[in-house]
Amino acid sequence: MGSNKKKTGTIIQALGSVFKVLSDGGEIIECHYRGKFRIAGDGNFFPVVGDYVDLISSPDGCLIDKIYPRKNKISRLKVGSRKPKEQVIIANLELCVIISSIDEPPFKPRLVDRMIVSALKGGLTPIIVLNKCDLKCNFNLEFWQKLYEGIGYKFIPTSAITGMGIDTLKNILAGKISVFVGHSGVGKSSLLNKIHPGLGIVTKQVSKATNKGRHSTTSITMHPIDNDAFVADTPGLRELGLWQIDKRQLGWYFEEFRPFNERCKFRNCLHKDEPDCGIKAAVNEKLISDVRYESYMRILESLPDKLY
Ligand SMILES: Nc1nc2c(ncn2[C@@H]2O[C@H](COP(=O)(O)OP(=O)(O)OP(=O)(O)O)[C@@H](O)[C@H]2O)c(=O)[nH]1
Ligand SMILES: [Mg+2]
Ligand SMILES: [Zn+2]
């Protein structure tokens, strides 16, 4: 880049200490971060995909000079050295597209519900995509569609093979920054290739035996696509942000529970064993789906008693 002229742009890829930035002028610039971000010792100041940044040129090449305040972020718990701490992995997103498949791998509603909670916790709007609808199998699409649409979520049945649902999804993504999450092999990269032919993202080979359990996508990359949209493809991120949730807050992220909260006798009811619980009563009256309540209970049991 030219002498000392400042440029701004969005980080679209982070590989160790090397970043790719799509400048506002439309060029892709490779750059490094300045040591000071690391010295700050705060995950929040380490540049991540999605960050909007200022760039300056230096004798050592292009450097990230400033990170603009984040509108939101998704973090995970970084375990290892001494104390677990927050690791921000992506910033400034609007939509969290939660992708699962009707089969191969089979649909896992518990995982979908975990990812909805994660999305809401991160300040993102969850969108539910059910892929591989071309496969012939016993799957009650109508049941799940009604359940999630009943809560107020967009639910899109798709197929990266036949093109089913692709236009609908593309319209939802228009003008926004989104992230694709979901179990490995559900077809995140395949859908993205279908939405924007030409991206040429490597997807899993059909041979399942040799590829078992291995992720085809290994790093987070942001892809600019049609209609001024960005989509970050991820390797099956599962537990994003869940670790930051207090047990007593969890019910809040099951949005359809909210109207019944005030019927609980205890203000900080966990909706578990407490008497006179409005949520449990609503489940009994079938006003809340028992499938969702089951997910709630499983997540509740997996949360730490004390936040880190
Ligand atoms: N039948 C069918 N197969 C699909 C569909 N979408 C993807 N696949 C296949 O599913 C396999 C996995 O697809 P990927 O796109 O690599 O899945 P992914 O979610 O990106 O996986 P990771 O990168 O490992 O997280 C590939 O063999 C695809 O060809 C679909 O709609 N229908
Ligand atoms: Mg992939
Ligand atoms: Zn309750």
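Observations
- Test: residue in segment 217-233 that is outside any loop (DSSP other than H, G, I, E, B), at pLDDT 60 or above, out of contact with any Cys (no Cβ under 9 Å at 6 or more places or on another chain) and near ligand 1 (Cβ under 8 Å from one of its atoms): yes
- Identification of helices (runs of 4 or more DSSP H) wholly contained in segment 60-175 with 1 or more residues that are hydroxyl-bearing (Ser, Thr, Tyr) and within 22 Å of Met297 (Cα to Cα) yields 109-121, 141-151.
- Close contacts from segment 46-70, counting a first residue that is surrounded by fewer than 17 Cβ atoms within 10 Å (Cβ to Cβ) and a second that is acidic (Asp, Glu) and modelled with pLDDT of 90 or more, with Cβ to Cβ under 7 Å and a gap of 6+ residues or different chains, come to Lys66/Asp54.
- Contacts under 7 angstrom Cβ, first residue in segment 274-285 being more than 6 Å from ligand 3 (Cβ to nearest atom), partner in a helix (DSSP H, G or I), 6 or more apart: Ala281/Arg263; Ala282/Phe260; Val283/Asp290; Val283/Tyr293
- Candidates Arg292, Arg298, filtered to the one that is more than 16 Å from ligand 2 (Cβ to nearest atom), more than 30 Å from Lys83 (Cα to Cα) and touching a residue at least 60 places away in the same chain (Cβ under 8 Å): Arg292
- Per the listing Lys146, Lys78, Lys154, the residue uniquely over 20 Å from the mean Cα position of the chain (by Cα) and of a type in the set (Lys, Arg) is Lys146.
- Residues satisfying the stated conditions in segment 147-183, i.e. in contact with a Phe, Trp or Tyr (Cβ under 6 Å, 6 or more places away or on another chain) and surrounded by fewer than 14 Cβ atoms within 10 Å (Cβ to Cβ): Glu149
- Restricting segment 286-308 to residues that are hydroxyl-bearing (Ser, Thr, Tyr) and at pLDDT 95 or above, the residue that is surrounded by the fewest Cβ atoms within 10 Å (Cβ to Cβ): Tyr293
- Count of segment 72-109 residues, restricted to those that are touching an Asp or Glu at 6+ places or on another chain (Cβ under 8 Å) and not polar (S, T, N, Q), is 4.
The values are calculated or read from the model by the stated rules, or taken from the named source; none is laboratory data. All values reported here derive from a predicted model rather than from experimental measurement. Heads up, the Cβs are rebuilt from the backbone with ideal geometry, glycines too, and the neighbour counts pull from every protein chain shown.
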